[in-house]
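Structure first, then comments.
Read-outs: derived from the displayed coordinates by stated rules, not from any lab. Source: prediction; values computed, not measured. Note: ideal-geometry Cβ built from the backbone for every residue, glycine included; neighbour counts use all protein chains shown.
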Amino acid sequence: MGESGKLLGRFPGEDFPHKRACKVCGSEASYLLSIHNEHGEPHLLDLFLCPHCGLLFVGNPITPDQLAYAYGTLDWKKYYQEIATATGGKVACAVNDLYPLFSNPGDHDSVLDIGCGYGHFLEVFKDSRPFVRVAGHELQGEPASACEAKGFEVFTCNLEEISDKFDLIVLLDVAEHVPDPNRTFAACHSLLKMGGHIYIHTPRRCFWDSFFLLLAKIPGMGEFSAAWLRTRVSIFHLQLWTDKALEMSLKMAGFQLLYLKPELELSWPLERYARIYLGEKLHFPPLLVRIATRIADLLFVRLGTLRNKAVCLGQRKDSRESFV
Ligand SMILES: [Zn+2]
């Protein structure tokens with residue numbers, strides 16, 4: 001869901017905060033650039049970069065109403081249909097990764113999938129592990145109702161209001177969406193039994209993100225840099241993780257990181273990214289879009305330089321650590 005629209009800069013000399021506390025480590029993060037938000041208010045999203053943990057994040061305060069409005073502009077059914085192939089691959093990867101935790105009946109007996117959508121993960125997981133209790137958490141709306149209609153238990157309240165405890169919490173493409181990730185991970189910690197696990201897929205800063213972040217600091221290259229970054233950060237993707245930021249946030253919430261794997265994982269086929277971001281938003285002619293797609297395929301996929309997703313597993317510890 002990496003849409004955030006065309007670039008608009010702040011006016012030179014415009015008065016707005018140029019420093020914000022990093023939402024993960026609390027260090028002083030600096031303003032980088034602004035991108036236009038096509039999904040309601042605020043119309044400009046100010047991106048900040050933390051010099052300590054490397055988190056790139058939307059620094060404007062975003063209210064729950066603004067988020068609700070933005071999500072209300074999306075056609076969920078269409079969105080999930082478009083990413084169905086990628087979702088299938090991601091779910092298969094997750095079930096495979098989690099196999100060792102549930103290899104014997106009685107090892108663990110309950111899973112909560114936060115951001116369960118229509119229940120794609122829950123369906124596949126339940127098929128492979130019928131003896132495990134599976135439940136989902138989702139914002140109130142059509143996906144939650146559809147998942148419930150499939151027979152799954154779906155929580156739509158705040159995470160803090162769920163009184164049950166689970167052996168495993170799964171967050172597939174959720175950690176980039178939440179306004180306060182430290183708080184979300186702390187809530188996950190409270191929802192887990194002692195020794196329980198948290199399993200995450202979320203976008204991470206890859207080589208190309210670092211390249212375009214460097215470019216943003218070169219005079220005259222801001223728009224070029226923003227054209228890339230707006231595919232990574234938006235009103236929906238409120239932060240782009242570094243491995244360090246993700247590990248810090250999990251540790252502060254009381255987790256021990258068991259592994260973090262950088263992976264290539266695209267929500268859409270490359271052609272679709274090129275068509276939308278180069279063709280529709282930047283008005284590149286079709287021939288140039290096709291050439292760009294070929295180059296991207298060679299660079300990102302065949303040469304393996306795009307490892308844009310972090311796949312990680314953490315385990316609940318007794319105590320929490322503080323890095324601030
Ligand atoms: Zn930070």
TODO: Please quote Rg/Rh for the stretch 187-265 to two decimal places, taking the Kirkwood radius as Rh and restricting both calculations to Cα atoms.
DONE: 1.08
TODO: For the stretch 123-135, take each phi angle, set θ = phi - 60°, evaluate the Karplus expression 6.51 cos²θ - 1.76 cosθ + 1.60, and give the result in whole Hz per residue in order, putting x for glycine and proline.
DONE: 4, 5, 5, 5, 4, 7, 9, x, 7, 9, 6, 10, 9
Open item on the list: Looking at the calculated P(r) for the stretch 57-132, what percent of the C-alpha pair distances fall above 17 Å?
Closed with: 58 percent
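Pairs of alpha-carbon atoms within less than 8 angstrom and 6+ residues apart define the contacts here; what relative contact order does the chain have, in percent?
On the way: 587 pairs, mean separation 66.1, N = 324.
Here the relative contact order equals 20 percent.
Please tell me which of these pairs span more than 28 angstrom C-alpha to C-alpha: Lys217/Lys309; Lys126/Lys193; Lys78/Lys309; Lys77/Lys193? Write out the running numbers ahead of the final one.
Numbers: Lys217/Lys309 24 Å; Lys126/Lys193 20 Å; Lys78/Lys309 23 Å; Lys77/Lys193 34 Å.
Among Lys217/Lys309; Lys126/Lys193; Lys78/Lys309; Lys77/Lys193, the Cα-Cα distance tops 28 Å for Lys77/Lys193.
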- [ ] Looking at the stretch 1-154, send over the antiparallel percent of its DSSP beta bridges, to the nearest 5.
- [x] 65 percent
Task: Intensity falloff of the stretch 92-163 expressed as log10 I(q)/I(0), Debye formula with alpha-carbon point scatterers, at q = 0.14, 0.15, 0.20 Å⁻¹ - done: -0.42, -0.48, -0.82
TODO: Taking every pair of alpha-carbon atoms in the stretch 12-115, give the share separated by more than 24 Å as a whole percent.
DONE: 54 percent
- [ ] In vacuum, with every alpha carbon of the stretch 82-235 counted as one equal point scatterer, what does the Debye formula give for log10 I(q)/I(0) at q = 0.08 Å⁻¹? Two decimals, please.
- [x] -0.28
TODO: Report, in degrees rounded to the nearest 10, the 0 to 90 angle that the Cα long axis of helix 84-98 makes with the longest principal axis of the chain.
DONE: 50 degrees
Task: Neighbour count of at most 15 Cβ within 10 Å plus DSSP loop: longest GluC sites (Glu not before Pro)-free window in the chain - done: 39-320
Task: Principal-axis tilt of helix 207-216 within the chain, Cα atoms, nearest 10 degrees - done: 40 degrees
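Quick one: divide the alpha-carbon radius of gyration of the stretch 172-323 by 2.2 N^0.38 Å and tell me what you get. Present the calculation step by step, with values, prior to reporting the outcome.
Numbers: Rg = 17.7 Å, N = 152, 2.2 N^0.38 = 14.8 Å.
Against the empirical 2.2 N^0.38 Å value, I get 1.19 for the stretch 172-323.
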Task: Other-chain or far-sequence residues with amide H under 5 Å of Ile62's (modelled H) - done: none
Open item on the list: Quick check: convex hull over the Cα atoms of the chain, volume per residue in Å³, rounded to an integer?
Closed with: 133 Å³
TODO: Give the percent of DSSP beta bridges with both residues in the chain that are antiparallel, rounded to the nearest 5.
DONE: 60 percent
Open item on the list: If the elastic network links every pair of Cα atoms under 10 Å, which of Leu215, Leu303, Leu139 fluctuates the most in the Gaussian network model of the chain?
Closed with: Leu303
